[in-house]
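Presented below is the structure to which this report refers.
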């Protein structure tokens, strides 16, 4: 699948949380029909999961964590994908934009 990451609705720096102490830094991008995560640096291309289509997302929320703020993507099958180290304002805006796009 070809992802157009050059024209996202919004992109934030975030770290995908894999285990309690292991994270993968990168960019979380809100596109018009999906959310896409791209790892950065040496870990680029090693993402555990990189594409979250709107159809498989049950809910998305932001909240406080030990590492500034986080975005949590909750899938219909019950899986939670946590992205830490997100700027507070960016996390809230990301969730608001997702809700606006997904409600149309």
Checking residue 8 against (1) at pLDDT below 80; (2) surrounded by 12 or more Cβ atoms within 10 Å (Cβ to Cβ); (3) touching a helix residue (DSSP H, G or I) at 6+ places or on another chain (Cβ under 9 Å), the condition it does not meet = (3)
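The rows are residues; the columns are (1) surrounded by 14 or more Cβ atoms within 10 Å (Cβ to Cβ); (2) modelled with pLDDT under 90; (3) not in a strand (DSSP E or B).
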{"residue": "12", "(1), (2), (3)": "yes, yes, no"}
{"residue": "18", "(1), (2), (3)": "no, yes, no"}
{"residue": "25", "(1), (2), (3)": "yes, yes, no"}
{"residue": "28", "(1), (2), (3)": "yes, no, no"}
{"residue": "37", "(1), (2), (3)": "yes, no, no"}
{"residue": "73", "(1), (2), (3)": "yes, no, no"}
{"residue": "78", "(1), (2), (3)": "no, no, yes"}
{"residue": "92", "(1), (2), (3)": "yes, no, yes"}
{"residue": "95", "(1), (2), (3)": "yes, no, yes"}
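The values are calculated or read from the model by the stated rules, or taken from the named source; none is laboratory data. Just so it is clear, the structure is predicted and the values come from calculations on it, not from any experiment. When we count neighbours, we look across all protein chains shown, and the Cβ atoms used for this are built from the backbone with ideal geometry, even at glycine.
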